[in-house]
Amino acid sequence: CSSHDGCVGPSVCALGECGGLRAEYFGDQTLSSLALARVDGRIDFAWGSNVPAPGVPDDSFSVRWTGTLTARFSETYTLIVGADDGIRLWLDDVLLVDRWTVHGYREDSAVVPL
């Protein structure tokens, strides 16, 4: 998003609207069985044994978030991701975190200029 789109940085945008990222929830771990698509305003979940959304299993599911991240200032940022099992973080088609393995909850990070 840009200021002419009605977005004021910093922002996360999907589908031309600010306020979140497009979330695609899959009923499997291979991102192939789409169960639900929506916009998530904040990506900070602790599902535990709860289901992330109706129609999505409580375990062995996957989620893909896509959209635009607009930084408030041009500087270096640390992006932190945490997951129980596999996680990948891509930014501008660059793989920053690749921990697509079975593991307990852990956090990984990448330092990037935005």
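Worth pointing out:
- Filtering region 50-67 to residues that are open to solvent by 40 Å² or more (accessible area, probe 1.4 Å) and part of a loop (DSSP other than H, G, I, E, B) leaves ASN50, VAL51, PRO54, GLY55, PRO57, ASP58, ASP59, SER60, PHE61, GLY67.
- All positions within region 68-114 that are acidic (Asp, Glu), open to solvent by 80 Å² or more (accessible area, probe 1.4 Å) and outside any strand (DSSP E or B): GLU75, ASP84, ASP92, ASP93
- Candidate set from region 1-35 (those that are open to solvent by 50 Å² or more (accessible area, probe 1.4 Å), modelled with pLDDT of 85 or more and outside any loop (DSSP other than H, G, I, E, B)); member that is nearest to VAL81 (Cα to Cα): ARG22
- Close pairs from region 80-101: first in contact (Cβ under 8 Å) with a residue 12 or more places away in the chain and among the polar types (S, T, N, Q), partner surrounded by 12 or more Cβ atoms within 10 Å (Cβ to Cβ) and not in a strand (DSSP E or B), Cβ under 8 Å, at least 6 apart: THR101/ASP85; THR101/GLY86
The values are calculated or read from the model by the stated rules, or taken from the named source; none is laboratory data. If you're wondering where the values come from, they're calculated on a predicted model, not measured in any experiment. No Cβ is skipped: glycine too gets one built from the backbone with ideal geometry, and neighbour counts run over all protein chains shown. Quick note on the areas: whole protein, heavy atoms, side chains included, nothing else; ligands and nucleic acids left out. Shrake-Rupley method; radii C 1.70, N 1.55, O 1.52, S 1.80 Å.
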